Structures are given as structure tokens and as C-alpha cells.
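Beneath this line is the structure, given in C-alpha cells, with notes to follow.
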Amino acid sequence: MTMAPAPFETHEVLNQPPPLVDYDLFGTDRALKEAVVREGADWAMDELGSFGRKLGSAETIEAGRLANAYPPVPRLFDRYGRRIDEVEFHPAWHELMGLAIGEGLHTRPWAEPRPGAHVARAAGVIMMVQIEAGVQCPTTMTYGVVPALKKAPAIAAEWRPRLYSRQYDKRMIPAPEKTGVLMGMGMTEKQGGSDLRANMTRATPAGDAYRLDGHKWFFSAPMCDAFLVLAQAPGGLSCFFLPRFLPDGSRNALHVQRLKDKLGNKANASSEVEFHGATAWLVGEEGRGVPTIIEMGNYTRLDCALGSTGLMRQAVAQASHHAAHRSAFQKRLIDQPLMTNVLADLAIESEAATALVLRLARAYDAQEDPAETAFRRMLTPAAKYWICKRGPALGAEAMEVLGGNGYVEEAIMARLYRELPLNSIWEGSGNVMCLDVLRALAKTPEALDVALAEIQTARGADRRLDAHVTALTDEVARDGFQESQARRLVERLVLALQGALLVRHGDAAVANGFCASRLASSQSGAFGTLPQGIDIRAIAERTRPAI
Ligand SMILES: Cc1cc2nc3c(=O)[nH]c(=O)nc-3n(C[C@H](O)[C@H](O)[C@H](O)COP(=O)(O)OP(=O)(O)OC[C@H]3O[C@@H](n4cnc5c(N)ncnc54)[C@H](O)[C@@H]3O)c2cc1C
């Protein structure tokens, strides 16, 4: 008699990590927690912790997936053929928007000002984008609008209470009937985005308002309740407030043409629009449109740097989590020396970004301080440039840590990877940021002194940092600020600031690794090239969200 062979298990799942869910995004991010305390928002630790746990729950992470798997669709007409120019979203998007607005990421530092308010918000943004980055777009634009509205006191008085509300209201109805509103902005036209003076949209005076005719080529979050837009008035390029509904309750003539089919940022709607006699009100003076809207740009650029910092943190968290649970050649990946080096190098980049953006956020808390004002004017484009530039490279390397798993859609890695280049492009692309740093230095030369004074507080603590700073200041003294060298200057300045922050306040192993790889030698190659003498094990372990 022959025995039947034992059944062979064909679908046993072995050596795959547990999903990274039901964890505390804040509590497991040491660099972020330390920076929040250091930069003056220690009062927010508890609430950031509960926000971090809410975001890290399996349900919220699933909402992030759904909002991207089912992107928004345009609903331009009603069943009778009347224009409605609306966008329809998956319920998960509204759930996530509710979370972001409930936390006050759109306006809380304005609504409830206190020392550290911008820092606390910055930490919230860094966490929010890790779960779903699309919601950052309307949230950020609303954050940036509030200071720009100072130039239109009557509109500000009417709209501020609605903008300050933490009750998200998804309905497309007139603003006075809503529990909370959001705002967007329209600058970019087909013929020019960086060069805003090329704007062609026309603004014709009509009573106390203006009639707008023209288009915007990129117009994100078109379901917002109002927008700041640029248009050519008789006195030159000007900034206008354009609501979706007019005071009589009718829809304004803002017509959505189509939604963009984007590389990433799928959950967020970005549209092309035309204005066919839309009604808008002047913000500031005619001819002063760029300076008015640029006021908003400082805040949105800060958020690009925060966004990439958060996306990088999530990529590193995913990579280190995977490597801690996956074995190859009888050893966990995180314990394989070459992989440990890769993880430590990624972690250093993420920690350096975190330290810098929270320091920058503190400059936004010191609104009235002239030195901090000059500092943030120069550092905002500089930080946006360098942090957003590092993002895609880090995202690609972190994805590779997951091997083939990293490249499939179900892993969040693919989404992070597609999202990362965007922060480098919108709100002013890389070159434009570096040229803006030169402009800031030309207008407020003291900004460089403030930055150097901050860097010098670390003098003597690390010879590699000292040598880097001496070389940088010598080069500036010799060559000045040349346009063709702007990227080189900005990169080296940001590295000096990151180095100083890490040397003074950061983890000792991280600071040592940073100075060895980013200052003593130029890290122009791949991640995972940290030299001998760095405690790569300690760095890789420190960054891992151990669950
Ligand atoms: C998904 C998405 C959503 C967006 N949403 C909005 C929105 O809601 N509202 C809005 O107004 N805009 C929005 N934008 C537009 C975005 O801000 C612009 O695309 C960006 O500012 C660049 O402008 P541009 O596309 O016209 O490129 P260009 O201005 O043509 O620039 C092309 C390249 O040339 C470089 N460059 C430009 N000038 C110089 C120079 N003097 N020296 C050297 N290099 C230079 C730039 O850095 C860039 O790399 C969005 C873009 C994207 C991708």
C-alpha cells in the first residue's frame, strides 16, 4: 500500500514583514520629537502624539491608499447641461481633509497664535503628508492666504472666521452657509509660470470689482471656496480675490476645463481653468500683484520643504521597518553591513532635513523679529531647494531597500516616489529658488550674517564643519554671488546650517555621519557610502519605527 504524500503548502507567507500600521508617527520619530521641543513647541507634544497615532492607524493608512486609488473626477455639468464646474472625490479624501483641517494645519497658527505655533503645525504637516500628501495642497494654500489677505482688510474681516474654522465642509455652496472654507491660488499660465509677468489674464474694472477674462494652466484644488489670482489690470499685474460664488449666491464664471493627469499627487485635483467674465476684487494695489502673492509664496514654499521632509521620513521608516523584518542569506537585512550603511545614510538625510525645517519654522514664529525675518526670507527658498532636491534620490534608494516589493503599487513606496519630485517643481522650481536666494541676499545682506552667526555657534565642535564654513565664506568673499553658481552656493549654505544644527543638538552618531559624508567629502554618489568610523548600526536602529 502506498502512502499519499503530505499536502504541500503552496501559499505559506514567510519572511515578509508585518505591515507598518497601528503605530505612532510622532512617538516613533525621535528626530521630530527632539526638534519640536528644541524649537519651542514642547506644549504640543501630547496633541502631536495623538495626531501621530490617529494618522498611523490602519484605517487612516487605508484611507490614504483609497484616496489615491480612486482619484478625483471632474463633474463639469449637471444633468441638464448647466455648468457646475465641480470635482467629485472618494469619501476617503474627505475623511483625510477632515483630519488635516481638524488639526488646524490650514490656519491654526493664525487663529490661535502662541510661541511655537508654526513649529507645532510644521510637525503636524510632516506627519500628515506621510499618510496622504495630496491634502497638503489646499491646506497649505489656505495657510499662505491669510497673511496675504492683510492687504484686503474688508475681505479679510469677512473671510477670516471661516478660514479659521476647524470644521471641514466639503459642500460646494456659498461660503456664508459653510462651517469652514478653504482657499487656493492661480498664477501659472500656459506661456509662463516662473515668469509671472508674462501673465495675460485681463482684469477690467467693473464698479467696485473687476471682470476677469483669461486662463490658468495649473489651478490646483479647484473645489476651494475662493482663490487669489494674478491678472493684468490697467495699472499692471495685480492680485485678485476670486470666490466660487458671488454675493447673490450664483456661481462665479470660473470654468474648469479639465483635470491634469499627473505623475503622482493623484488624490489632489489639479485643473486647467478659464475665466469668462469672472468677478474678482483687488487685493493690495494695482500693479503690486507679485509682491502681494509672493507673501503667500513664502508659506507655501516652507510647506514644500516640510512636505518633502515628511515624505522622506516615511520612506526611511518603511525601509528600516522592512529591513528589520526581512532576512536574506540567513541574516536580517538591517544587520547586513552594506544595508546598514544604506539605511544609516538615508536616516542622516532625513534627520538633517527635519532639524532644518523645524528651525526654519521657528523663524515663522518670530514674525516681528527683524533678524529672523531676514533669515526666513533667505532660508525658505534655500531649504525648499535643497530638501526637495534630495527627496527623489532618497525615495528611489529607500524603495530599493524593499526589493521588488518596493516597486509594486500596494506598497506606499511607489506613491512616495511619485510624490517626491513635485515639491521641487511647484511653488518655484529649483533654479528659481536659488535665484530667489540671491535676490534675498541682495536685498537683505544681513540675512547671510544671521545665518553665519547661527552656524558659528557650533564653531570648534567639529573640525569638518569649521573647514566647510571657512571654505564657503572664503568663496563668497572671493567670487560674490554669481548666478551660474547659485545652486552650489545654496547647497553649501544649507549643508553648513544642517551640520551646525546636528552638531549642536542632534544625535552624536548622526552628526558625525553627516559631517563625514556631506561636509568632509562631497556626497555626489549613491546613498550607502558612509565612510569608516560612523556608528551606522546605532543610526539605523534609531530611525526604525520599532513595532
Ligand atoms: C501638480 C501641480 C500643481 C500645480 N498647482 C498650481 C496652482 O494651484 N497654482 C499655480 O499658480 N500654479 C500651480 N502649479 C504650477 C507650478 O507652480 C509651475 O509649474 C512652476 O512654478 C514652474 O513654472 P512653469 O511650469 O511655467 O515652468 P517654467 O517657468 O517654464 O520653468 C521651466 C524650468 O526653467 C527654470 N527656469 C525658469 N526661469 C529660470 C531662470 N531665470 N534661470 C534658470 N532657470 C530658470 C525653472 O526652474 C524650471 O526648471 C502646479 C504645478 C504642478 C506640477
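The values are calculated or read from the model by the stated rules, or taken from the named source; none is laboratory data. If you're wondering where the values come from, they're calculated on a predicted model, not measured in any experiment. Counting neighbours? That spans all protein chains shown, and the Cβs are built from the backbone with ideal geometry, glycine included.
Scan region 390-399 for residues that are out of contact with any Ser or Thr (no Cβ under 6 Å at 6 or more places or on another chain) and touching a residue at least 40 places away in the same chain (Cβ under 8 Å) and jot them down.
Arg390, Ala393, Leu394, Gly395, Glu397, Ala398, Met399
Could you say which residue among Thr279, Thr292 is in contact with a strand residue (DSSP E or B) (Cβ under 6 Å, 6 or more places away or on another chain) and in a helix (DSSP H, G or I)?
Residue meeting the stated conditions: Thr292.
Could you name every one of the strands (runs of 3 or more DSSP E) located completely within region 178-229 that has at least 3 residues being over 22 Å from Pro147 (Cα atoms), touching a strand residue (DSSP E or B) at 6+ places or on another chain (Cβ under 8 Å) and within 9 Å of the ligand (Cβ to nearest atom)?
Hits in region 178-229: 209-220.
If Val256 meets every condition in (1) surrounded by 24 or more Cβ atoms within 10 Å (Cβ to Cβ); (2) within 16 Å of the ligand (Cβ to nearest atom); (3) at pLDDT 95 or above; (4) not acidic (Asp, Glu) apart from one, which number is that one?
It is condition (1) that Val256 fails.
Residues of region 29-59 being crowded, with 21+ Cβ neighbours inside 10 Å and part of a helix (DSSP H, G or I), which ones?
Residues satisfying the conditions are Ala31, Leu32, Ala35, Val36, Ala44, Leu48, Phe51, Gly52, Leu55.
Could you please let me know if Ser250 is farther than 23 Å from Arg160 by Cβ, over 27 Å from the mean Cα position of the chain (by Cα) and either in the same structural domain as Arg82 (by TED's automatic domain parsing) or away from the ligand (no atom under 12 Å from the Cβ) (or both)?
yes
Among the residues of region 71-86, write down those that are without any contact (Cβ under 8 Å) to a residue 24 or more places away in the chain and either assigned to a strand (DSSP E or B) or at positive phi (or both).
Answer for region 71-86, where residues must be without any contact (Cβ under 8 Å) to a residue 24 or more places away in the chain and either assigned to a strand (DSSP E or B) or at positive phi (or both): Arg75, Phe77, Gly81.
So, Thr140, is that one within 16 Å of the ligand (Cβ to nearest atom) and either of a type in the set (Ser, Thr, Tyr) or within 13 Å of Met97 (Cβ to Cβ) (or both) or not?
yes
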